[in-house]
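Take a look at the structure below.
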């Protein structure tokens, strides 16, 4: 047992001291994996257990203004990281086919090391996404996908910073930073209030956009399986598998919360006198196409939506109100009900809860 312990310690010290990049050893949190691992584990515990228990007997906080500023800062921060990755190599100097790590102390190489550290730090600032959900008692949004996505990223990025700060796999960070520019900009506008929502008609494409990034990431990584490249293949496979894992998690989330929800809306409409797929006539005999698409799906008041996974873009569910004679009247007495995962409820209706659902009447 003592021999095994001695060998394990020797292996760890050799890995940290001799196999890692000496340029990052003095950077904050970079010397040892233990602080990062500890924060990731505490994040998971806080998100799924401690945080909800602390807020159980407290009133939900109204953080509308905080969300505007937070998302604005994250948008700017992501844009700067994206720009730095471009200027550190990806704008003309790096090869998309094979890019070894530059371990020199040249200005360009050190600029890449620096931005890799800032990208690592950004993974911790994203923990606030979850904190704000919990403070506003939106625990239903702190899904397993959400916690996995945020909880494992700091440690994975730490390994890249420690052993390969630059080169082929920084394409992951480049693309992810660009996606976060779009994502946090959307959440900033959404948090500013309903009158700004006409400018974010493209929200339904966010989850698709996120899934496309993961396809691009694992495709870019796994190409090195078929060509020679002086880049650590173990790290390439690790990042590529992240792309595959997140693609499956996000696509499953998309299917369960968007495709299936859309089918349920269609079936609900058909069950209330809309079996032939055409728009439901209004009480005056006219057809109103504003709230229904060509397939007979009820549209939300601000358009079809889907759901993201970092801070979910949520779905409106159509609810049919009875007209008093035992039949549902879809047009006129229908509501778009903001449910447990409803559009903008988490951002724009901080005082609501899953047990007291806000309803918005269709006009």
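Can you pull the one-decimal nm distance between simple spin-label points at residue 15 and residue 28, each 7 Å off the Cα toward Cβ?
Here the answer is 2.6 nm between the modelled labels.
Please report the spacing between the Cα centers of region 103-161 and region 12-88 in Å, no decimals.
Value for the Cα centre distance between the two parts: 5 Å.
Ranking request for peptides 196-207, 180-191: highest mean number of other beta-carbon atoms within 10 Å first, then the rest in descending order.
Values: 196-207: 16.3, 180-191: 21.8.
Ranked from most to least packed, the peptides come out as 180-191, 196-207.
Roughly speaking, what is the stretch gain from residue 118 to residue 140, that is 0.36 nm per residue apart minus the C-alpha to C-alpha distance, in nm to one decimal?
On the way: separation 22, 0.36 × 22 = 7.92 nm, distance 3.04 nm.
Extra length from residue 118 to residue 140 when fully extended: 4.9 nm.
FYI, it's all coordinate maths here, none of it is from the lab. Here the structure is a predicted model, which is why all the values come from computation and not from measurement. Please note: Cβ atoms are built from the backbone with ideal geometry, for glycine as well, and neighbour counts cover all protein chains shown.
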